[in-house]
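Read-outs throughout are calculated quantities, based only on the coordinates presented, and are distinct from any laboratory measurement. As the structure is a computational prediction, the values presented were derived from the model and not from experiment. Every residue, glycine among them, receives a Cβ derived from its backbone with ideal geometry; neighbour counts consider all protein chains shown.
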Amino acid sequence: MGTRIDGKALAAKTCESLQAVVGSLSKEGPAPGLHVILVGDDPASRVYVGSKARKAESIGIRSELTVLPEGTSYGELEDRIGALNADESVDGILVQLPLPNLPTRDVLDLVAPEKDVDGFHPINAGLLLQKRPRFVPCTPLGVLAMLDAYGVETSGKNALVIGRSDIVGKPMGALLTHRNATVTIAHSRTVDLEQQVGEAEILVVAMGRMRSVPARWIRPGATVIDVGIHRMEDKKLTGDVHPDGLEERAAFYTPVPGGVGPMTIAMLMVNTTLAAVLRRGGDPSLLSDLIPSV
Ligand code: NAD
C-alpha cells in the first residue's frame, strides 16, 4: 500500500506558518495585498477566485477583486492592469484564466514582473529556467513542496512530466531538472505514453484528460502526482490518473481532490507574501521554510 500525499493537510500547515509571517509584516506596514482580475462569469473561475480570496483573508492577506464583463477589450484590460501595477498598495496581481476571447499571453505580459505572483511573466519564467527563481508558478511549486514534505528523492531519478503547458508542465520539468532528476516531457504528440509512464520513478500528470493514465501503466513503487481536475457526471472531482489500483501500485500518490489543488492555493499565498517582502526591501529568508529550494 502506498502513502497518500495529503495536500490538504500540508496546505493547512503551510498557511498556518505563513499567517505568522504575514502577522509580523503587518505590524511594520500594510498587510500583503493580492488583487485578482476576473473577466466574464465562468462558474468554475468564480469558484476558484472565491476560494483564493477566502484563503487570503484567513491568513491576513488583503484581497481585492476586479470583475470585468465578458467582451472587455484588450485596451481596457491594459488600463486596469497598468493602474494596479502603479498602485503601491497592491503587492500581487493575478489574472484568472481562462480569459474569454482575449490574447492570454499578451495580457499576462502586462503584469509587472515584481507583482507577478503566478510566475507567468516571461521574466519570471526565464529566471526559473536559469535556476535563479523569483516567482515560480504555484502548481509546480506546490508539487515540489509535497515531494519534499514526504521525503521523495528526486536526484538521479527518472521523472516523466505529462503536459508541456507554460503553467504546469514546462516549469515542473525545469524544477525537477534543477533537482537533478532526469526529466522527460510527454505531450499530445508523444508516441507511446504507456511505455514512457512505465519507466518513470516520478510521474507528474498534467494533461487535462480525465482518468487517462490507468494504474497498470505505472511502474511499481513510483511516486505519482496528479495535477488534473475534472468534474464527473455525478459532480464528484477526479484527476488525470485513474484512481483504481493506484494505491497498490504507487509508493506515494496524490488524491484528487485534496492533493495538488490546495497546495496550489497555499503557494499563491506564499508568493503574494514574498512579493510584499521583496517590494518593501525585506528579508526573503523569512519565507525560506515555506518555499522549496530550487
Ligand atoms: P493544458 O491543456 O494547457 O495542457 C495539457 C497538456 O497535456 C498539453 O501540453 C498537451 O500536449 C498534453 N496532452 C494532452 N493530451 C495528451 C496525451 N494524450 N498524451 C500526452 N500528453 C497530452 O493544461 P494545463 O493548464 O497544464 O492543466 C492540466 C490539467 O491540470 C487540467 O486538468 C487543469 O484543470 C489542471 N490544473 C490543476 C491545477 C490545480 O491546482 N490542481 C492547476 C492548474 C491546472
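Each Cα pair under 8 Å and six or more residues apart adds its separation to the average, and for the chain the resulting relative contact order is 23 percent. When the helices of the chain are scored as -39500 (n - 2.57) per DSSP H run of n ≥ 4 and the total is divided over every residue, the value at 222 nm lands at -12500 deg cm²/dmol. Per-residue 3J(HN,Hα) values for segment 238-248, derived from phi via the Karplus relation 6.51 cos²θ - 1.76 cosθ + 1.60 with θ = phi - 60°, read 8, x, 7, 9, 6, x, 5, x, 5, 5, 6 Hz in sequence order (x marks Gly and Pro). Modelled spin labels at A251 and E78, positioned 7 Å past Cα toward Cβ, are 5.2 nm from each other. Between G173, A200, L147, the Cα set farthest toward the positive side of the dipole of segment 138-260 (charges on each charged residue's Cβ, about the Cα centre) is that of G173.
Loop-resident trypsin sites (Lys or Arg not before Pro) (DSSP state other than H, G, I, E or B) in segment 204-269 with no more than 16 further Cβ atoms inside 10 Å of their Cβ: R209, K235, K236. For segment 25-116, the gyration tensor built on C-alpha atoms gives an oblate shape. Its axis ratio a/c (a ≥ b ≥ c) is at least 1.5, and a/b is not larger than b/c.
Between segment 25-47 and segment 67-125, the alpha-carbon centres lie 12 Å apart.
Mind pulling the angle between the C-alpha long axis of helix 74-86 and the longest principal axis of the chain? Nearest 10 degrees, somewhere in 0 to 90. Here the helix axis deviates by roughly 70 degrees.
In degrees between 0 and 90, to the nearest 10, how far off the longest principal axis of the chain does helix 7-28 point, with axes built from Cα atoms? The angle comes out near 20 degrees. Check cross-link reach from K157 to the aspartates and glutamates: straight Cα distance under 17 Å, and skip same-chain residues fewer than eight apart. Straight-line reach from K157, under 17 Å: D148, E199, E201.
In this structure, R216 and K13 have a Cβ-Cβ separation that, at R0 = 41 Å, corresponds to a calculated FRET efficiency of about 0.75. Note on the chain: with a GNM built from Cα contacts shorter than 10 Å, the maximum mean-square fluctuation among L128, L268, L68 falls on L68. Couplings 3J(HN,Hα) for segment 198-203, derived from phi with the Karplus relation 6.51 cos²θ - 1.76 cosθ + 1.60 (θ = phi - 60°), are x, 9, 7, 8, 10, 10 Hz, where x marks Gly and Pro.
As I understand it, the value is the acute angle between the Cα axis of helix 260-279 and the longest principal axis of the Cα atoms of the chain; what does it come to in degrees, rounded to 10? Here the helix axis deviates by roughly 40 degrees.
The modelled label-to-label distance between S51 and T182, using points 7 Å beyond Cα along the C-beta direction, is 3.7 nm. Listed here are the pairs K52/K170; K8/K170; K13/K236; K52/K236; K131/K236; K13/K170; which of them are more than 29 Å apart at the Cα? Exceeds cut-off: K131/K236.
Per-residue extension of 0.36 nm, minus the Cα-Cα distance of D283 and N158, leaves a gain of 41.5 nm for this segment.
Which of the aspartates and glutamates could a cross-linker bridge to K55, judged by Cα under 19 Å and excluding same-chain residues fewer than eight apart? K55 reaches D6, E16, E64, D91, D116, D118.
Within the chain, the longest run free of GluC sites (Glu not before Pro) that sit in a DSSP loop with at most 11 other Cβ atoms within 10 Å is 89-232.
Each label point was placed 7 Å from the Cα along the Cα-to-Cβ direction; for T66 and L97 their separation is 1.9 nm. Considering only A44, A11, A31, the mean-square fluctuation computed in a Gaussian network model of the chain, springs between alpha carbons under 10 angstrom, is largest for A44.
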